[in-house]
Structure formats: structure tokens, C-alpha cells
Amino acid sequence: MENDVKFLDFVIKALVENPQDVKINRTVDEMGVLMTLDVNSADMGKIIGREGNTAKAIRTLLRVVGMKNNARVNLKINEPEGSTRGPASRSVDEAMEEAEGEKGESSSDET
């Protein structure tokens, strides 16, 4: 097992309540190393942290581990199956329609 996988495995399993559900996949391509993390849906909050600070810190530490091995390491945290979180993003068209709708409502309130 590579050092970066061992490091990520140790850190994540120390944070979560369900360490048996932690899965790490490591792929290497021309862009560097991509580590994909799957955890139990109940543990997502612990991995992400407030405002994403825990995830940012883990990513920073992984980059340091990668620099030691002359590799660029990135972390992708997969959304767990059965997640209650809404859709990840809206299309530009949907966002524009919503913004125009709010703009129209506020202008009619002023008159």
C-alpha cells in the first residue's frame, strides 16, 4: 500500500464512527494521483467538517505527503448512496431564471 493511501486510511478511520465502511481508491494519470474516498453516509459530516474545513485540512496534508514523493495528490469525496443532500448544482439557466424571478418580485414590491 502506498504511503498516501496509508496516511489517508489512518486519518479517516480515526475520524469516523464506521471505519469498516471506509474505501479508498487510488488512480494515477498524467495529472497526478487521484484518491477517491467513500464513507458511510452517517460519517460524511465528520469528514467534511464545518464549512468544509476538515476536508480542506485533509486535502492540504495529502498534498504535503504527495510533495514528499514528487506527486500531485488530489482527494475526491464521493457522495454516499441514499444521501439526503439535494442536487449538487443547478444549471446556469435554472440559476438565471430564479434570479430573474426574484428580481421581478422585488421590483413589484417597491411600487
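Only the coordinates and a few stated rules stand behind these numbers; no lab work does. Just so you know, these numbers come straight off a predicted model, no measurement behind them. Cβ atoms come from the backbone with ideal geometry, glycine included; neighbour counts cover every protein chain shown.
For the stretch 54-67, the condition holds for no residue, the condition being that it is on the phi > 0 side of the Ramachandran plot and surrounded by 12 or more Cβ atoms within 10 Å (Cβ to Cβ).
Kindly indicate whether any position in the stretch 7-30 is surrounded by 12 or more Cβ atoms within 10 Å (Cβ to Cβ) and on the phi > 0 side of the Ramachandran plot. No, the stretch 7-30 has no match at all.
I'm checking my understanding of the structure. Among residues of the stretch 1-49 that are among the hydroxyl-bearing types (Ser, Thr, Tyr) and in contact with a strand residue (DSSP E or B) (Cβ under 8 Å, 6 or more places away or on another chain), which one is nearest to LYS76 (Cα to Cα)? If we take residues in the stretch 1-49 being among the hydroxyl-bearing types (Ser, Thr, Tyr) and in contact with a strand residue (DSSP E or B) (Cβ under 8 Å, 6 or more places away or on another chain), then THR36 is nearest to LYS76 (Cα to Cα).
Pairing residues of the stretch 1-28 that are in contact (Cβ under 8 Å) with a residue 60 or more places away in the chain with residues that are of a type outside the set (Phe, Trp, Tyr) and in a helix (DSSP H, G or I), at Cβ distances under 7 Å and at least 6 apart in sequence or on separate chains, gives ASN3/VAL65; ASP4/LEU62; ASP4/VAL65; ASP4/GLY66; LEU8/LEU62.
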